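Reviewing the structure listed below.
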Amino acid sequence: MNKNRHIITNSSGNSKIFGLILILIVASAIYLSYMLLPHYLNYYSFRDNAQAKTKMARVIKDENILNDLYKKAKELDLPLEKEDIIIKRSGEGVLTITAQWEIEVEFIGGYKRNFQFIVDTSS
């Protein structure tokens with residue numbers, strides 16, 4: 001029985017399994033960050049750009065806003081076409097920009113998951 005106890009703990013009584021679990025958790029966090037962080041950073045960058053455009057809606061034409069947002073989407077490699085970026089202006093001059101896209105991420109072991117990103121901002 002004393003022999004089995006040394007497999008789980010080291011000489012000072014601390015758990016070796018805890019260290020291995022901690023390493024596994026840190027490695028998983030790094031891997032998930034590597035797989036997902038670029039997509040979320042692109043989303044936030046596009047969303048911030050769209051919010052900036054809605055604030056300047058009174059001085060910029062809708063066509064120019066659409067062209068600028070489409071250029072930004074292509075710069076960020078987002079799967080968006082011009083038709084996917086919807087710009088609506090209400091009678092009171094309120095501008096609404098909506099865009100939606102989905103990205104499939106494949107993880108280790110062939111597991112695939114779709115992530116949906118939605119930008120909906122108005123001035």
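The values are calculated or read from the model by the stated rules, or taken from the named source; none is laboratory data. Only a predicted model underlies this, so the values are computations on that prediction, with no experimental measurement involved. In this analysis, Cβ positions are derived from the backbone assuming ideal geometry, glycine residues included, and neighbour counts consider all displayed protein chains. Just the protein is used for accessible areas: all its heavy atoms, side chains included, with ligands, DNA and RNA removed. Shrake-Rupley method; radii C 1.70, N 1.55, O 1.52, S 1.80 Å.
Quick notes on this structure:
- Residue (of L66, N42, F18) at the positive-pole extreme of the chain, dipole from beta-carbon charges: F18
- With respect to the chain, whose longest principal axis is taken over its alpha-carbon atoms, helix 16-55 is tilted by about 10°.
- Taking E102, E63, E92 in turn, the Gaussian network model of the chain (Cα-Cα springs below 10 Å) assigns the largest fluctuation to E92.
- Residue with peak Gaussian network fluctuation, the chain [Cα springs, cutoff 10 Å], from I103, I30, I85: I30
- Over the stretch 32-83, the ratio between the Cα radius of gyration and 2.2 N^0.38 Å evaluates to 1.26.
- Dividing the summed helix terms, -39500 (n - 2.57) for each DSSP H run of n ≥ 4, by the number of residues in the chain produces a 222 nm estimate of -17000 deg cm²/dmol to the nearest 500.
- Nearest-10 value in Å² for the accessible area of T96, using the 1.4 Å probe: 40
- Computed from Cα positions, the angle between helix 62-75 and the longest principal axis of the chain comes to roughly 30 degrees.
- Put a dot 7 Å past the Cα of E83, heading toward its Cβ, do the same for S45, and the two dots end up 2.7 nm apart.
- The chain: most fluctuating residue of L24, L69, L80 per GNM, C-alpha cutoff 10 Å: L24
- In this simple spin-label model, placing a label point 7 Å from the Cα along the Cα-to-Cβ direction at both L66 and I118 gives a separation of 2.3 nm.
- Centroid-to-centroid separation of the stretch 89-123 and the stretch 48-81 [C-alpha atoms, Å]: 14
- Simple point charges give the picture: +1 on the Cβ of Lys and Arg, -1 on the Cβ of Asp and Glu, and for the stretch 6-123 a dipole about the Cα centre of about 300 debye.
- Stokes-Einstein diffusion coefficient of the chain, Kirkwood radius over Cα pairs, 20 °C, 1.002 mPa s, in µm²/s: 119
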